Every structure is written in structure tokens, then in C-alpha cells.
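Heads up: the structure comes next, in C-alpha cells.
The values are calculated or read from the model by the stated rules, or taken from the named source; none is laboratory data. Here the structure is a predicted model, which means the values were calculated and not measured. Note that we place each Cβ from the backbone using ideal geometry, even for glycine, and neighbour counts take in every protein chain shown.
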Amino acid sequence: MNESKQVVQAVGVSKRYPGVQALKQVDLSVAEGEVRALLGANGAGKSTLIRMLSGAESPDEGTIHIGGAPLIGGIKAAAAAGVATVYQELSLIPEMTIAENMFLGRWPGNPARIDRRAMTTAAGETLRSFGLTMSPRRPVDSLTLAEQQIVEIVRAVREDPRLLILDEPTSALAANEVDLVLRVVKEVSARGVAVIYVSHRMDEIRQIADSVSVMRDGRHVSTEPIKGASTAHIIDLMLGATHDDAGALEPNALGDVKLEVTGLVSPPKVRGIDLRVRAGEVLGIAGLLGSGRSELLRAIAGFDAVTAGEVIINGVPTKARRPRKAKALGLGLTPENRKAEGIIADLSIADNIILTDYSKVTKAGVLQGSEVGQATAGLKARLAIKAASLQRPIRTLSGGNQQKAVIGRWLHAGSDVLLLDEPTRGVDVGSKAQIYDIVRGLAADGAAVLFVSSELEELPLVCDRVVVMRGGQLTHEFRAPNITNSDLLAAAMGTDSTKEN
């Protein structure tokens, strides 16, 4: 690595969105052939910085230089300057071959005829240059996720970029698939390409990165050689000096086991899970992107296929593993993607709430307006849903009030085993506190709650216990009041925060 040849330089970069200062005077530079890990907790500014460097957005203040020249213009200008970005979401077209995807929009030949032989030959040469033996004629949908990720990276590198940005490139991969991606990244950097590698997996970062930059609250906190930086030190930089402040929970009286999971396997993300949740308990599940948290909840609820193990809901084994069966036994799931899967946007708030059980508000198969009004008004008051009328479309509510309505849907169904997947995502601070109170109140009333969150700092505020999921397995358990953000993050990253690395 030649540190004197800076490929990218960001100087005093700031970006503000309505109500949020996303970046604050960020300075960052990456040298030719250097792999720079970019770390930061949720909301630290990583994604915003990537958008600035890739030309997707422009900074309000400051400058970005690529190869010594100022970056002026959008994504096309950044690409022309030598910036290539590979995002978490794959952008390949499954029905097309590897070669077709690699040349997408840049077909060899002329407007009347694509030179498929030249395209296939060139794609094959590119793959072989990285030591890859896959045929360029293979359809993308026949590839493993790791192979698809490799094709994304190789397609980006075909254009000879100066800077390659990789945003969580291994988050969707199983542990045995990660090595293939890391090998290709090493080959890319060996060719002199500067790489910005966004990940929280410390074992990967220590294998691949030369240095690490940490962001917090929109600021660049520090850049250090990876060899000299202990994981405990990196976590301190990510979380700040007050990262372990948390209020003491008032414990609930615990009752019988309401949810028991033994040996649950749901490929490829859930690999042998055992857990128990009692009445009165809020069990948090911590883990980084791709750890298998959402997949675990979907498998328990019967939405994803299970190949081994058992789920017992309120004492009844659910071998059929169908969502309808789980619901009948008292289980409810609020999905991670509230807008796409949690609400029907154009239906009224009341209609969204009663979706789980029409029998309570119908007679002879006909909805009874008075019954609907009585059932939903009670939940509106109980959950403090702010709405002028429950007949308004649910899309008119704030994110926090939409989430309360989604929770209310399962209370309407009488569910007492609740799986809450990212229940505070996209919710303002005030509504978050209200949701915490709702969850604690439901547990106090005898519910068993599984609470998944990528915002590790909120888990000590609402959970009696927290288990950490990594690579599809549960690796650590923490109990209140001894739940700290630093311990959760260290466990999620695959390290012990008390040890030097």
C-alpha cells in the first residue's frame, strides 16, 4: 500500500436532511491499494457518506476529490471518475447469464446485433483473472448468494475503478461462503484499487482491512491501523463515553413458559436455535445485519420453512408450522418492514386493527360497525394511538402510531406470545418511549415478548434478558440489570469486549 497516493479525499463534508444533521465536517482519505473498514452504529452517518462518495447525493458543505480532481455531478460523474459501489441489495437480473449481467447496458457489437461470443469470452477472461472457475454462461439464479455477490464485485471491478465501495458485502452469506468474497476483495486491493469496506464483523475486518475509520453521530471520530486497534477500543469509539448508561427496569413476575423453541433449523440463516420465553418476560434478540434475527421470528411464526426442531406455543407443539396454526395458539408477529408487510396503507386504521380476527366484530358473516368501533376504540385508548378518527387511512398516521396499530391488531386477536421485529424502526424518540412502555405493560399483563432490534442501545431499556444471534446461532445471553451496549455489540461482532485483539 502506497499511502502517498490518495485515491479519495473528503474534506469538511456536511449533509443535513429535514430535522437531521447526517454528516458534520467529515474528513476522510483512502490510499491506493488500501482496504479501509468503515464502522459505526446505526445512524452514525456511514450510508450518507457512501452516497456522497458515490455521487448519489451532493454534500451541503465540503469537497470530495477522486484521484485529485473534484467530484462534480451525480452518479455518472462519480463512475467516470472511477468510483464503483456494490450495495447490500444485489442488482443482478436472475434470468440473465453471468456474462449478460456483467455487460448489462454496455453490450459489445452494434445496435442491430449483440456480439454474444465476444461478450462471453470477455466475461470468462475477467472471471479467470480473479481465479474464478464459474462459467460465464451460467444463469445468475443458479448461483449461490456468495457467487452472486462475487459477480457483483467483479462486474464493478471490470470498469477499472479507482475506488470500490462495498456495503455489507457478506451480510447475507453463511460463514463458509465469506472466504470467497474476502479472497476477491484482497485481489482487488492488490491491483491498486482503494476499497471502503462497510461491515461490523470484526473477524472479517481483521482479515481484510489495513485500517479502520469509525463514525459516530455524523462525525468522523478516528482512523487507525487495524492491527493496533483493540475491539474494546473500537467499540468505545463507536458508542461514545456514555454508551452503557441505562435505566433500571422494574422486573415483572414471571409465569409459565409460553414459547419454547428447541433445535430449530430454517436454512440458510437459522441453525439450531433453543430458547424459552415466560409469561411476564421480554426477551431481546440482538445481532447484526444478516445474523438471522428476522428469519428466526418468521420460522417460529410459520412463514419460513423449518427442516428440524420444534416450536411449542402455550404448551402445544406446532408441527404443522403454519401461520394460521400459530395465530390460533396465541402467537402474533409484527414484521420488520412495516410499510410493505405490516399495514394495508389505504385501509382505515380500524380495518387494519381487526384484520386478525373478524369473528369478534361480525354477526352472520357481516361486519358490525358498533362492534368494530367498540373494539378499536378501546385499543386506541390503551395504546395511545393519536388519530382524529379510526376511519382515516392508516397511511396518514406517523410511523410510531402505525406501529401501535400493528401491535393493536394482535391484541385484538388475543395474542399473548408476541414477536416484535424492529418495532421502533422509523419511529421518533417520543413514540419509541411509548412503545417501550406498551411492551413492558403487555409483559406485566402476562404476555411473553420476543423483541428484535438492530438498535442495541434500546434493548437494555426494555428487555429482561437479551440473547445475541450471530451466524444463525445464539452465542451469548445477558440478564438485566447487567445488560450493556458494549457487551452486546462485542458479542454481536463476534468478540469479547473485555479482551484485546
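Working carefully through the options 177, 168, 187, find the one that is in contact with a strand residue (DSSP E or B) (Cβ under 9 Å, 6 or more places away or on another chain) and either surrounded by fewer than 23 Cβ atoms within 10 Å (Cβ to Cβ) or polar (S, T, N, Q) (or both). Lay out the reasoning, then the answer.
Values: 177 fails: in contact with a strand residue (DSSP E or B) (Cβ under 9 Å, 6 or more places away or on another chain); 187 fails: in contact with a strand residue (DSSP E or B) (Cβ under 9 Å, 6 or more places away or on another chain).
Sole residue among the options that is in contact with a strand residue (DSSP E or B) (Cβ under 9 Å, 6 or more places away or on another chain) and either surrounded by fewer than 23 Cβ atoms within 10 Å (Cβ to Cβ) or polar (S, T, N, Q) (or both): 168.
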If you scan segment 373-395, which residues turn out to be closer than 24 Å to residue 331 by Cβ and either assigned to a helix (DSSP H, G or I) or of a type in the set (Phe, Trp, Tyr) (or both)?
375, 376, 378, 379, 380, 382, 383, 394
Note down all Cβ pairs under 6 Å where the first residue falls in segment 133-162 and is without any contact (Cβ under 8 Å) to a residue 40 or more places away in the chain, the second is in a helix (DSSP H, G or I) and surrounded by 15 or more Cβ atoms within 10 Å (Cβ to Cβ), and they're at least six residues apart or on different chains.
136/98; 136/99; 136/120; 136/123; 136/124; 146/177; 146/180; 150/184
In segment 313-341, the residues that are at pLDDT 90 or above, small (Gly, Ala, Ser) and either closer than 17 Å to residue 423 by Cβ or not in a loop (DSSP other than H, G, I, E, B) (or both):
326, 328, 332
Among (1) buried (at least 17 other Cβ atoms within 10 Å of the Cβ); (2) under 22 Å from the mean Cα position of the chain (by Cα), where does residue 267 come up short?
(1)
So residue 482 fits all but one of (1) under 24 Å from residue 262 (Cα atoms); (2) surrounded by fewer than 22 Cβ atoms within 10 Å (Cβ to Cβ); what number is the exception?
(1)
Of the numbered conditions (1) farther than 19 Å from residue 326 by Cβ; (2) crowded, with 23+ Cβ neighbours inside 10 Å, residue 311 fails exactly one; give the number of that condition.
(1)
Matching entry among 171, 211 (being closer than 28 Å to residue 45 by Cβ, under 26 Å from the mean Cα position of the chain (by Cα) and modelled with pLDDT of 90 or more):
211
Kindly establish whether residue 123 is surrounded by 13 or more Cβ atoms within 10 Å (Cβ to Cβ), of a type in the set (A, V, I, L, M, F, W, C) and modelled with pLDDT of 90 or more.
yes
Tell me whether segment 309-327 contains one or more residues that are within 18 Å of residue 408 (Cα to Cα) and hydrophobic (A, V, I, L, M, F, W, C).
yes
Among the numbered criteria (1) of a type outside the set (Ser, Thr, Tyr); (2) under 24 Å from the mean Cα position of the chain (by Cα); (3) surrounded by fewer than 22 Cβ atoms within 10 Å (Cβ to Cβ), which one does residue 377 miss?
(2)
Is it true that residue 348 is in contact (Cβ under 8 Å) with a residue 40 or more places away in the chain, of a type in the set (Gly, Ala, Ser) and within 23 Å of residue 314 (Cα to Cα)?
no
Suppose we keep only residues that are farther than 18 Å from residue 336 by Cβ and of a type in the set (A, V, I, L, M) within segment 403-416. Which one would you say is surrounded by the fewest Cβ atoms within 10 Å (Cβ to Cβ)?
413
So, restricting to helices (runs of 4 or more DSSP H) that lie completely within segment 49-141, which ones have at least 3 residues that are within 30 Å of residue 25 (Cβ to Cβ)?
75-81
Checked against (1) buried (at least 21 other Cβ atoms within 10 Å of the Cβ); (2) in contact with a Lys or Arg (Cβ under 7 Å, 6 or more places away or on another chain), residue 354 satisfies every condition except (2)
Exactly one condition in (1) more than 18 Å from residue 258 (Cβ to Cβ); (2) in contact with a Phe, Trp or Tyr (Cβ under 6 Å, 6 or more places away or on another chain) is false for residue 332; which is it?
(1)
Looking at the structure I just gave you, is residue 411 touching a residue at least 12 places away in the same chain (Cβ under 8 Å) and in contact with a Lys or Arg (Cβ under 9 Å, 6 or more places away or on another chain)?
yes
Looking only at segment 151-199, count every residue that is assigned to a helix (DSSP H, G or I) and of a type in the set (Ser, Thr, Tyr) and tell me the total.
1
Do you know which residues across segment 272-294 are crowded, with 20+ Cβ neighbours inside 10 Å and either of a type in the set (A, V, I, L, M) or over 30 Å from residue 250 (Cα atoms) (or both)?
273, 277, 279, 282, 283, 285, 286, 288, 290
Restricting the search to segment 190-213, which residues are surrounded by 23 or more Cβ atoms within 10 Å (Cβ to Cβ) and over 20 Å from residue 238 (Cα atoms)?
193, 194, 195
I want to confirm something. Restricting to segment 235-271 and keeping residues that are more than 20 Å from residue 313 (Cα to Cα) and of a type in the set (A, V, I, L, M, F, W, C), which single residue is modelled with the lowest pLDDT?
246
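In this structure, does residue 439 turn out to be surrounded by 20 or more Cβ atoms within 10 Å (Cβ to Cβ) and within 21 Å of the chain's Cα centre (by Cα)?
On the way: surrounded by 20 or more Cβ atoms within 10 Å (Cβ to Cβ): yes; within 21 Å of the chain's Cα centre (by Cα): no.
No: the conditions fail for residue 439.
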